């Protein structure tokens, strides 16, 4: 499948989550890296531009060439969800699942306090995870894997078969361990300040 088509599918899920997390900035997500030059010149102060690409060095040169600040590179990934690993929460942790329309939230709790969490939007056969995070005092215990496993299970129950996500450099090792595969690089830049 063409990169632009996969990006469109990710955008459809992301927009469901973006309404809940209230992004504080405008975000342009390009489905055609060939339009990078034009979009880069249209950026306003505080805007972000996100370019999934198989030519990250070229895209980076275009963005920095017009004075945009490039953020750490991310990775566009996908995975079949039906056999996603789903480790159990470690002793002393509980899992809470809530749903608002097509968005599912998973929280891993310890003594009633949030230790890890994440969201996933289910749109048709696609599911788009976002905001997978573990609080500092609970890291290195596999909680992100627990969150992803529960999100995948819940997404499959809601009809999804394919997961699509943008992984940060920090999250990349977890997703690779869980069997997610790279589709492309993702170059992100901020508008001029």
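Every number in this text was worked out from the coordinates using simple rules, so none of it is lab data. Keep in mind that what you see is a predicted model, and the values were worked out from it rather than measured.
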- For segment 100-128 and segment 70-86, write down the distance between their C-alpha centroids in whole Å. 16 Å
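Mean residue ellipticity at 222 nm from the helices of the chain, using -39,500 (n - 2.57) per DSSP H segment of n ≥ 4 over the full residue count, to the nearest 500 deg cm²/dmol?
Rounded to the nearest 500, the figure is -9000 deg cm²/dmol.
Sequence gap at least 6, Cα distance under 8 Å: using those rules, report the relative contact order of segment 79-183 to the nearest whole percent.
31 percent
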- Message: Restricting to Cα atoms and excluding each atom paired with itself, what does the Kirkwood estimate give for the chain in Å?
- Response: 17.3 Å
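Given a cut-off of under 8 Å on Cα pairs at least six residues apart, what relative contact order in percent is computed for the chain? Show your work: numbers first, answer last.
Numbers: 397 pairs, mean separation 61.2, N = 193.
Relative contact order of the chain: 32 percent.
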